[in-house]
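Written below as structure tokens is the structure these notes are about.
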Amino acid sequence: MKCQSSEDLSFLPNKSVDAVITDPPYFDNVQYSELADFFYVWLRLALKDEYLWFKPDLSSRPDEIVKNDRLGKTTDFFSQGLFRVFKECHRVLKDEGLLIFTFHHIRTWAWENIAQVLIDAGFYVSASPIVRSEGKSGFHSNDGNIRYDCVLVCRKRAGQWMERPWASAKEQILQDAVQWTRRTLESGMLVNEVDVFTIVMGKTLEYCHQGISIYVL
């Protein structure tokens, strides 16, 4: 077990891993390390004399891959860091290996960015199932919040891109979104506009990565 940045997986040989399953930061949605400082300051009181990494007043996070305007971490900073992580994942994965992670965001540009990073790192999205990520009583279950995650199942890209007509792909994307929405509503679960947006964007990445040159609806 290692506790370090995934930008450096040099302890793993090439093509030695069957699957990478992770949950990367959602751009600027939640600043997890800043939230963690609430717990850090209390732990520090008991541990600062025993562990060097509890010496600072707040947790150190200069290399955290996230978009944070307050810290000067731009979209490019996030994209470049995530690219380095995914490139390492590509190196250590077997040819038939899978990179699987969850994602959601309310902005189209965030999905575009993820799509481009995956392409640059040598992956394509082969499937994009949607799962409920928030409980019925949680804060994020309120109206207007995203309640579902898109699970992006990625494989190593091999060969050349195949062109597909956008019109037929768009029809398939919308059909998938309608079917998912209908099934979810019939099961008694709530669905709002941003939830539908999540399934549409996930399916758009899936079909785009299978040979469509248009990235947004």
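The values are calculated or read from the model by the stated rules, or taken from the named source; none is laboratory data. Small disclaimer: the values here were computed from a predicted structure and weren't measured. No Cβ is skipped: glycine too gets one built from the backbone with ideal geometry, and neighbour counts run over all protein chains shown.
Please list, ordered by first then second residue, the pairs with beta carbon atoms under 8 Å, 6 or more apart or interchain, first in segment 69-80 and touching a residue at least 40 places away in the same chain (Cβ under 8 Å), second crowded, with 16+ Cβ neighbours inside 10 Å and among the basic types (Lys, Arg).
Hits for this filter: THR75/LYS67; PHE78/LYS67.
Could you please give the count of residues in segment 19-64 that are modelled with pLDDT of 80 or more, of a type in the set (Val, Ile, Thr) and within 30 Å of ARG107 (Cβ to Cβ)?
3
Exactly one of (1) closer than 25 Å to LEU99 by Cα; (2) surrounded by 12 or more Cβ atoms within 10 Å (Cβ to Cβ) is unmet by ASP18. Its number?
Result: ASP18 passes all but (2).
From (1) part of a helix (DSSP H, G or I); (2) closer than 22 Å to ILE114 by Cβ; (3) at pLDDT below 85, pick out the condition that doesn't hold for ILE173.
(3) is the only condition that ILE173 fails.
Taking ILE119 as the residue in question, decide whether it is in contact (Cβ under 8 Å) with a residue 60 or more places away in the chain, closer than 30 Å to TYR207 by Cα, part of a loop (DSSP other than H, G, I, E, B) and not acidic (Asp, Glu).
no
With respect to VAL41, determine if the residue is of a type in the set (Val, Ile, Thr), part of a helix (DSSP H, G or I) and more than 27 Å from CYS154 (Cα to Cα).
yes
Assuming HIS140 fulfils every condition listed in (1) under 14 Å from the mean Cα position of the chain (by Cα); (2) modelled with pLDDT under 90 apart from one, which condition is it?
It fails just one condition, (1).
Report the residue count in segment 176-212 for those that are β-branched (Val, Ile, Thr), modelled with pLDDT of 85 or more and in contact with an Asp or Glu (Cβ under 9 Å, 6 or more places away or on another chain).
The qualifying residues number 5.
Find the residue count for segment 122-134, including only residues that are in a loop (DSSP other than H, G, I, E, B) and not acidic (Asp, Glu).
Number of matching residues: 4.
Does segment 91-99 contain at least one residue that is touching a strand residue (DSSP E or B) at 6+ places or on another chain (Cβ under 6 Å), more than 28 Å from ALA158 (Cβ to Cβ) and not aromatic (Phe, Trp, Tyr)?
Within segment 91-99, none of the residues are touching a strand residue (DSSP E or B) at 6+ places or on another chain (Cβ under 6 Å), more than 28 Å from ALA158 (Cβ to Cβ) and not aromatic (Phe, Trp, Tyr).
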